[in-house]
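What follows is a single structure, written as structure tokens, with notes after it.
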């Protein structure tokens, strides 16, 4: 190979998502296509986008091959991630009194969604999943608190209502799926 390598983080994600039996063939084929054809003919930036698209398609396949709980957990995690980012952005743009603490909570919500996605998608070991037990309990508590506070508020916020429900659902799904190995044939280093 000519020394052209895809982004290391994308290779890492790819290696963690694939079953051990596919590590060499899939990563080798993608690396060869990237280095020998895409970078010389399309440039590094377009080659990086192509590689990230390949990694994304494998991620989607991993989620689709998971059970119904994994799919639902992935969906709620994506919603939590997007809602947390949206809330943080709105807090920073609107700058109502106390916006810094609310933006920080919104970013923590987004981080919980992202962490859940990564742990499930990358099939992290039991040690990594144990760290999410507290996060699951915190999501349930935060969702329930937000729901009750919103229900008693003078101005009912529909978006907060939806987020609070999604937080509770994600926390419950996390608790229901943590510790389960969705692919018993998968052997990944560090698990």
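A few remarks follow.
- When you restrict to C-alpha pairs under 8 Å that are six or more residues apart and normalise by the size of segment 8-64, the relative contact order lands at 44 percent.
- Extension reserve of the residue 45-residue 99 stretch, reckoned as 0.36 nm per residue once the Cα distance is removed: 15.7 nm
- Each label point was placed 7 Å from the Cα along the Cα-to-Cβ direction; for residue 114 and residue 144 their separation is 2.8 nm.
- Counting neighbouring beta carbons within 10 Å and listing from fewest to most, the residues 9, 86 come out as 9, 86.
Here, each number is a calculation from the coordinates, and none is a lab measurement. No experiment lies behind these values; they were computed from the predicted model shown. All Cβ positions, glycine included, derive from the backbone under ideal geometry; neighbour counts span all protein chains shown.
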